[in-house]
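Some notes on the structure that comes next.
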Amino acid sequence: MQIRAFQPEDADPVWSMLEPVFRAGDTYAIDPGISREEALDYWTAHHAYVAEKDEALVGTFYMRPNQQGGGAHVCNCGYITAREAQGKGVARAMLAFSLTEAKALGFEAMQYNFVLASNTRAIDTWARAGFAEIGRIPRAFKLPSGDFTDALVLHRFL
């Protein structure tokens, strides 16, 4: 698997990964009705990457400063794995790459601000990579089912 910077010609395959996740409305705090253009602008506004295997894109992630000014030394990331590639180590590979890349870009820590407690697969991946839960926001997200779930803040120094 190769991980590389997002290129404009990646827009269609990246959108094909973003759209079902954003439309489902159960893992990202993104308007499920977001347009293709708005979604791609959001995803690629800073550092955006793709994971490629056998000439097909199997994952994508972004990296950006978590805050401006004095908080810009901590980065934030978002990751999506193509449905057909889930469970095949793509998320772990993107995470490992992002930890190294974040340090190379001068970040000192990585923080995920709003990881849904119902997203246990992601939480397990981040915990195994050394992320600690440093906060919990009760009933922070309303799932499409109408149920509420907590949101976690996860952090790790680089």
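Here, each number is a calculation from the coordinates, and none is a lab measurement. Please read all numbers here as calculations on a predicted model, not as lab measurements. Heads up, the Cβs are rebuilt from the backbone with ideal geometry, glycines too, and the neighbour counts pull from every protein chain shown.
Hey, in the GNM for the chain with a 10 angstrom Cα cutoff, which one of Thr81, Thr27, Thr100 fluctuates hardest?
Ranking Thr81, Thr27, Thr100 by mean-square fluctuation puts Thr100 first.
When only Cα pairs under 8 Å and 6 or more residues apart are kept, what is the percent relative contact order across the chain?
Over the chain, the number comes to 19 percent.
Let me have the 222 nm mean residue ellipticity of the chain computed from DSSP H runs of 4+ only, each contributing -39500 (n - 2.57), with the sum over all residues rounded to the nearest 500.
-9000 deg cm²/dmol
Could you compute the FRET efficiency for Lys103 and Ala45, with r as their C-beta to C-beta distance and R0 at 22 Å, rounded to 0.05?
With a Förster radius of 22 Å, E is 0.60.
If you plug each phi of the range 71-83 into the Karplus form 6.51 cos²θ - 1.76 cosθ + 1.60 with θ = phi - 60°, what whole-Hz ³J(HN,Hα) values come out, in order, with x for Gly and Pro?
Per-residue couplings from phi come out as x, 6, 7, 10, 9, 10, 9, x, 10, 9, 9, 4, 3 Hz.
How far apart, in nm, are two points set 7 Å out from the Cα along the Cα-to-Cβ line at Lys142 and at Thr120?
2.5 nm
With the Cα gyration tensor of the chain giving a ≥ b ≥ c as the square roots of its eigenvalues, does the rule (a/c under 1.5 for rounded; else a/b larger than b/c for prolate; else oblate) give rounded, prolate or oblate?
Rounded, since a/c falls under 1.5.
Give, as ranges by residue number, the residues of the range 55-99 whose backbone N falls under 19 Å from the point 7 Å along Cα→Cβ of Arg36.
57-60, 82-83
Name all residues of the range 144-158 having a backbone nitrogen under 15 Å from the label point set 7 Å from the Cα of Asn113 along its Cα→Cβ direction, giving them as ranges.
Hits in the range 144-158 for Asn113 at 15 Å: 151-155.
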